[in-house]
1. Looking at R100, R94, R90, R131, which is the one that is modelled with pLDDT under 90, in a helix (DSSP H, G or I) and basic (K, R)?
2. So, in region 1-48, of the ones that are among the aliphatic types (A, V, I, L, M) and exposed (fewer than 10 other Cβ atoms within 10 Å of the Cβ), which residue ends up farthest from the chain's Cα centre (by Cα)?
3. Tell me yes or no: at least one residue of region 49-65 is within 15 Å of the chain's Cα centre (by Cα) and either crowded, with 17+ Cβ neighbours inside 10 Å or part of a loop (DSSP other than H, G, I, E, B) (or both).
4. Of all residues in region 110-125, which are in contact with a helix residue (DSSP H, G or I) (Cβ under 8 Å, 6 or more places away or on another chain) and part of a loop (DSSP other than H, G, I, E, B)?
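The values are calculated or read from the model by the stated rules, or taken from the named source; none is laboratory data. It should be emphasised that the depicted structure is a prediction, and the values quoted were computed from it without experimental measurement. Here the Cβ is made from the backbone with ideal geometry for all residues, glycine too, and neighbour counts use every protein chain on show.
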Amino acid sequence: MKGKRIDGRNPKELRPISIVPNYLEQPLARVPVEFAKTKVVCAASAQDTVPKWLREDTDGVQFGWVTSEYSMLPFASGLQRTPRESSRGRIGGRTHEIQRLIGRSFRSVVDLEALGERTIWVDCHVLQADRGTRTAAVSGGFVALVMALEKLKKAFSIEPPLW
């Protein structure tokens, strides 16, 4: 690969990255992430319940769940406002795919049995999109998830590591 990228970086040069843990007090964890001009706020919260299908299918073993929601704010991708997907009644294919990617990525590294019957929600909201929103959401969401798991571990005296 020759030359520089459109933004002036060399082909192997990373975008400037900023992740700020403990940004705000509520919920369990809130993390603003910047990958160059892309800005995403990721938050992790917990509830003491799991999806109904998981409660009914465990044969006496209690499992937790990790899931995510991803959205782009109406002004995130340009000068023209893009309506919220929720106002249209359903999310689009791209958003659904990203939510599933984030949730599956996090479930693959969390000990769901050690989590107990809890759901961790990781919300990722794109404030400004300039490429790399998925990467920023997964990276910031993971930092928020780990912070939330550490707080839960202390609050409920959970012995085994959760990840």
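1. Values: R100 fails: modelled with pLDDT under 90; R90 fails: in a helix (DSSP H, G or I); R131 fails: in a helix (DSSP H, G or I).
After applying the criteria, what remains is R94.
2. Quick first cut of region 1-48, residues among the aliphatic types (A, V, I, L, M) only: 1, 6, 14, 17, 19-20, 24, 28-29, 31, 33, 36, 40-41, 43-44, 46.
Going one step further and asking which of them are exposed (fewer than 10 other Cβ atoms within 10 Å of the Cβ), we end up with 1, 6, 14.
Details: M1: 32, I6: 28, L14: 21 Å.
It comes out as M1.
3. From region 49-65, those within 15 Å of the chain's Cα centre (by Cα) are 65; that's our starting set.
Now drop any that are not either crowded, with 17+ Cβ neighbours inside 10 Å or part of a loop (DSSP other than H, G, I, E, B) (or both), which leaves 65.
Within region 49-65, one or more residues are within 15 Å of the chain's Cα centre (by Cα) and either crowded, with 17+ Cβ neighbours inside 10 Å or part of a loop (DSSP other than H, G, I, E, B) (or both).
4. V110, E117, R118
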